[in-house]
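Computed from the coordinates by the stated procedures, all read-outs in this text should not be read as laboratory data. Bear in mind the structure is a predicted one, so any value in this text is a computation, not a measurement. All Cβ positions, glycine included, derive from the backbone under ideal geometry; neighbour counts span all protein chains shown.
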Amino acid sequence: MGLILTEDQTILREMAKSFFEEKSPVERMRKLRDSRDETGFSRALWKEMGELGWLGILFPEAVGGAEMGYGELGIILSEAGRVLAPEPFVSTVLLGGNAILLGGTEPLQKELLPDLCTGDRLVSLAFQEQGRFSPYSIEASASRDGDSYRISGRKSFVLDGHVSDQIVTLARTAGSADEREGLSLFVVDANSPGITIERAEMLDGRNAASISFANVAVDASRVLGEPDHGADILDAVFDRAIVGLSAEMLGSFEEAFERTLEYLKTREQFGVKIGTFQGLRHRAAHMFGELEFARSIVRDAQSAIDDGRDDIAECASGAKARCSDVAQLIGGEAIQMHGGIGMTDEEEIGLFFKRLKAAEITLGDAIYHRDRFASLRGY
Amino acid sequence: MSSENLEEFQQDVRSWIDENLPADLRVGNRKDLPGGSLGKWIKAVTSKGWVTPQWPTEYGGGNLDRKQAAILMKELKAVRAPIISSFGTSMLGPTLLEFGTDEQKEEFLPAISRHEVKWCQGYSEPGAGSDLASLQTRAVKEGDEYVITGQKIWTTGADKADWIFCLVRTDPEAPKHEGITFILFPMHQEGVEVSPLTLIDGSAEFSQVFFNGARAKASHVVGPVNGGWTVAKRLLQHERTTDGGSEGGITGALKETLTDIVKREIGLKDGVLADPTLRQRLAAQELEARGLSLTMRRAGEELRSGQAGRDIGSLGKYRWANMVKNEQDLAMAAMGTQGLGWSGPGFEDTQLERTRAWLTTRADSIWGGTNEVQMNVIAKRVLKIPE
Ligand SMILES: Cc1cc2nc3c(=O)[nH]c(=O)nc-3n(C[C@H](O)[C@H](O)[C@H](O)COP(=O)(O)OP(=O)(O)OC[C@H]3O[C@@H](n4cnc5c(N)ncnc54)[C@H](O)[C@@H]3O)c2cc1C
Ligand SMILES: Cc1cc2nc3c(=O)[nH]c(=O)nc-3n(C[C@H](O)[C@H](O)[C@H](O)COP(=O)(O)OP(=O)(O)OC[C@H]3O[C@@H](n4cnc5c(N)ncnc54)[C@H](O)[C@@H]3O)c2cc1C
């Protein structure tokens, strides 16, 4: 796969662009936030995307998917990012769905993925237990009990955990906290006895739940991958999820940049357009460069996955590191260059700023991913 | 060309390189390459026309199409062959191909592709740097010649050059962009005086050049008289997209990669660089280099597919400059006081070389349009923010 869109991909982008512009302007996201909507997004719109085949892009045809790749999914995610659509791509497709795809047995995939592709099933991934991203620092435990396991512990920041049907849960079956070995992934039904879910609203208007597990039973057939070796699946899921999330971020900061550029061309102070001030022009040029580099790096990471290259992890962390840096830069400059108006809740630029911050922190920020990139590069 | 033929071409290139490139040259564009081997290599490359692979055969080129030329370059870089390039091949040649008369092409291009005639660039003057169009060097017509008076500065390689491509003012009354002419003349003549300048890295590859009645043939004006600004700008575009191996102040290949030097100087503890801050900065630097090369590749793909990409020439130049400068900054940080050596014992060659490179690369954000000027161009032409 090259670094530019193919003809088919260009058509897909045009479709996605008009879909989101028409059905999901930024005001929609604001309304969902302000009305404290109980779902936090639109199930109807999600199903519409299912009908268009967008939710199943990654999944095999046998389970109702389209069997395409991250190049295609990235297009949808970028367009969703441009309008801050809060639909559960990250939780259901990139995290939960990917975990089932990469680690689930065939019966499990057949049971769960078809509904996921149509938009009828929501799945989340419960892994995080502390603020800073540290995927192996897991204390929640699962112990074997006949044909099943019993899970106990607390999870935080479970994206869309308040509405998911299944919660893919990471728990320790061996080893001690911080160890990569000894982790296992379980597909747990959200209505299982012993589960308590508390919804929390995040600064970007999206939802993440705190979930506690009190001796929750889950059948051994619902383990993803090998017991104790869940981190193998988890790492692969994260690599793919951050490439997807990076594409969404790309769309969001590209939109924020374009809006800011427009503002520089229209706002007048000192009798001239503020875009005539070199102090702002150079910063705009710098942002443009950062944006173009991020686009190339994301595109390359997508091809690493789609072409089955052996440097997926390196490229994925590289993409998330770069996009996290650019998110911070463009988000911050967007507010600054809008002046006082940028500080108001009414002006949409602030919504971009907040979403970009959330995405930057989600699944590891630039510092985390540069660190990982360095390890993968052997230093 | 079909992909089969391209594969065959690639095979041919490989075996030709195997036969012609000695082991002691497979170290990249270093400044200390062994002269004997290098001379032979230059002869071999020029006899194929591969210094200017895409030029027509009649001008000494290799007559390759774009894809073949790309393969050739890739294969040469893969074995770290020295890339033969000059002001003639990368800047003047392409400009002459576009603006030159048939006579000019016949007279100058073959000697450039054979690497026989050295050119220098007479653009900048003490009073005309970024604001190049304010240049004052005068040319006055006398019969079928021009007589030239004035001064150029920062002229790279002027002390070794045979010819100069020069911007001169032919109409002092016209608005500043409209009285400039692009002209070629020999350096070895009365009325041309070259005075080398020593730079902060200790090198003296730049000169001030004084013209006091130097002469140029009127038939050596490229493009229209008083219409040289268009030609000059076009040449600058070629200059900006040149990478690696041009004479324009670019460091050649160094003995040790940045990652290796940082690892060696700092050391690994449990497989991880002992200094976590440098480790972060090194990772950022590697990603910056990737970002740049992927973006250049993407721009190439956009161009070939006819997709309207944005012009990233200016972006590439200034980001490249920042990248190579930052690379040396990191090497300096890793070396500590070992990076402060100038000569004498106690310093490795690799260290001394990095220190000089740190100094040399400061120029990369200045020549060919400073970073600030490139950012002005991006804001105005790419982002279209009105001034
Ligand atoms: C939280 C808050 C509290 C405030 N409280 C008060 C208050 O109590 N009383 C009151 O009167 N005002 C108050 N203000 C308004 C504040 O003083 C203005 O927001 C500020 O002066 C900037 O003006 P502006 O918002 O119109 O932005 P603009 O002037 O339109 O600026 C937009 C962007 O252009 C840049 N810019 C403008 N001119 C130039 C230039 N010449 N060169 C380079 N860049 C330039 C700015 O730096 C900014 O990035 C408050 C603002 C905020 C956010
Ligand atoms: C290694 C090297 C090789 C060179 N080789 C050649 C050569 O072979 N032939 C040749 O003709 N020239 C050559 N040059 C000259 C080079 O093109 C000039 O140095 C360059 O154009 C800058 O001009 P200046 O040095 O006069 O700086 P100035 O133009 O005086 O700039 C001084 C500072 O002001 C800034 N500045 C200027 N205008 C603006 C603006 N509008 N907005 C914001 N900032 C601005 C600049 O960015 C810079 O930081 C070479 C230079 C170097 C360093």
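Could you check the spin-label model distance between A:Leu203 and B:Leu303? Points 7 Å from the Cα along Cα→Cβ, value in nm.
Output for this residue pair reads 4.2 nm.
Mind checking which aspartates and glutamates have their C-alpha under 19 Å from A:Lys23, skipping anything on the same chain fewer than 8 residues away?
The reachable aspartates and glutamates, counting only those whose Cα sits under 19 Å from A:Lys23, are A:Glu14, A:Asp34, A:Asp37, A:Glu48, A:Glu51, A:Glu79, A:Glu87, A:Glu248, A:Glu255, A:Glu348.
Mind ranking A:95-104, A:327-336, A:25-34 by how tightly packed they are, going by the mean number of other C-beta atoms within 10 angstrom, highest first?
Output ranking for A:95-104, A:327-336, A:25-34: A:95-104, A:327-336, A:25-34.
Could you order peptides B:228-240, A:357-369, A:39-51 by the average number of other Cβ atoms within 10 Å of their residues, highest first?
Put in order of decreasing packing, that is A:357-369, B:228-240, A:39-51.
Please give the calculated 222 nm ellipticity per residue for chain A, where each DSSP H segment of at least 4 residues contributes -39500 (n - 2.57) and the sum is spread over every residue; nearest 500 deg cm²/dmol?
Calculated at 222 nm, the ellipticity per residue is -16000 deg cm²/dmol.
Work out, step by step, the length gained on full extension between A:Lys47 and A:Gln336: first 0.36 nm times the residue separation, then minus their alpha carbon distance; give nm to one decimal.
In short, 100.3 nm is gained.
For each pair in B:Lys40/B:Lys118; B:Lys105/B:Lys380; B:Lys43/B:Lys325, compute the distance between the two Cα atoms and list the pairs where it is over 23 Å. Walk me through the numbers on the way to the answer.
Values: B:Lys40/B:Lys118 18 Å; B:Lys105/B:Lys380 34 Å; B:Lys43/B:Lys325 34 Å.
Where the Cα-Cα span goes over 23 Å, the pairs concerned are B:Lys105/B:Lys380; B:Lys43/B:Lys325.
Explain nothing, just the number: relative contact order of chain B, from Cα pairs under 8 Å at least 6 residues apart, as a whole percent.
Taking the mean separation of contacting Cα pairs over the length of chain B, I get 13 percent.
Defining a contact as two alpha carbons under 8 Å apart and six or more residues distant in sequence, what relative contact order in percent does chain A show?
Relative contact order for chain A comes out at 16 percent.
When only C-alpha pairs under 8 Å and at least 6 residues apart count, what is the relative contact order of the range B:273-387, in percent? Walk me through the numbers on the way to the answer.
On the way: 75 pairs, mean separation 31.5, N = 115.
About 27 percent, as a whole number.
Given the options A:Pro88, A:Pro107, A:Pro60, state which has the largest fluctuation in a GNM of chain A using a 10 Å cut-off (strictly under) for Cα springs.
In the Gaussian network model the winner is A:Pro107.
For B:Glu107, project a label point 7 Å along Cα to C-beta. Then give me every residue of the range B:173-212 with its amide nitrogen under 18 Å of that point.
Residues B:181-190 qualify, since their backbone N sits under 18 Å from the label point.
For B:Ser343 and B:Ala78, what is the calculated FRET efficiency with R₀ set at 30 Å and r taken between the beta-carbons, to the nearest 0.05? Walk me through the numbers before you get to the answer.
Values: r = 35 Å, r/R0 = 1.17.
Efficiency computed from Cβ-Cβ geometry: 0.30.
Would you please name the trypsin sites (Lys or Arg not before Pro) within the range B:1-82 that are DSSP coil residues with at most 13 other C-beta atoms within 10 Å of their C-beta?
B:Arg26, B:Lys31
Can you compute the modelled spin-label distance between A:Phe270 and A:Asp120, with each label point 7 Å from Cα toward Cβ, in nm?
6.3
Taking beta carbons within 10 Å but only from partner chains, what does the mean come to for residues B:293-302?
Per residue, the average neighbour count from other chains is 5.
Counting other Cβ atoms within 10 Å of each Cβ, which trypsin sites (Lys or Arg not before Pro) in the range A:131-204 have at most 12 and sit in a DSSP loop?
On the way: sites: A:Arg132, A:Arg144, A:Arg150, A:Arg154, A:Lys155, A:Arg172, A:Arg180, A:Arg199; in loops: A:Arg132, A:Arg180.
Taking the range A:131-204 and a limit of 12 other Cβ atoms within 10 Å, the loop trypsin sites (Lys or Arg not before Pro) found are A:Arg132.
Which FRET efficiency value, to the nearest 0.05, is calculated for B:Lys43 and B:Thr149 with the Förster distance at 51 angstrom and r the Cβ-Cβ distance?
Taking R0 as 51 Å, the efficiency between B:Lys43 and B:Thr149 is 0.80.
Take the cross-link list B:Lys263/B:Lys317; B:Lys67/B:Lys263; B:Lys233/B:Lys384; B:Lys67/B:Lys317 and give me the ones stretching past 30 Å between alpha-carbons.
B:Lys67/B:Lys263
Rounded, prolate or oblate: pick one for the range B:127-207, where a ≥ b ≥ c are the square roots of the eigenvalues of its C-alpha gyration tensor, a/c under 1.5 means rounded, and failing that, prolate if a/b is larger than b/c, else oblate.
Verdict is oblate for the range B:127-207.
Out of the DSSP beta bridges found with both residues in chain A, what percent are antiparallel (nearest 5)? Each step should come with its number before you reach the end.
Details: 32 of 38 bridges.
Roughly 85 percent of the DSSP beta bridges within chain A come out antiparallel.
On average, how many beta carbons from a partner chain sit within 10 Å of the beta carbon of a residue in B:311-317?
2
Quote the FRET efficiency, to the nearest 0.05, computed for B:Lys233 versus A:Ser152 with a Förster distance R0 of 60 Å and r equal to the Cβ-Cβ distance. Please list the in-between numbers first.
Values: r = 71 Å, r/R0 = 1.18.
E between B:Lys233 and A:Ser152, to the nearest 0.05, is 0.25.
Loop only per DSSP, at most 15 neighbouring Cβ atoms within 10 Å: give me the GluC sites (Glu not before Pro) in the range B:83-183, ordered by residue number.
Hits after loop and neighbour filter: B:Glu116, B:Glu173.
What is the list of residues in the range A:178-209 whose amide nitrogen lies under 15 Å from a point 7 angstrom out from the Cα of A:Thr39, following Cα to Cβ?
A:207
Taking each residue of A:371-379 in turn, how many C-beta atoms of other protein chains fall within 10 Å of its C-beta, and what is the average?
6
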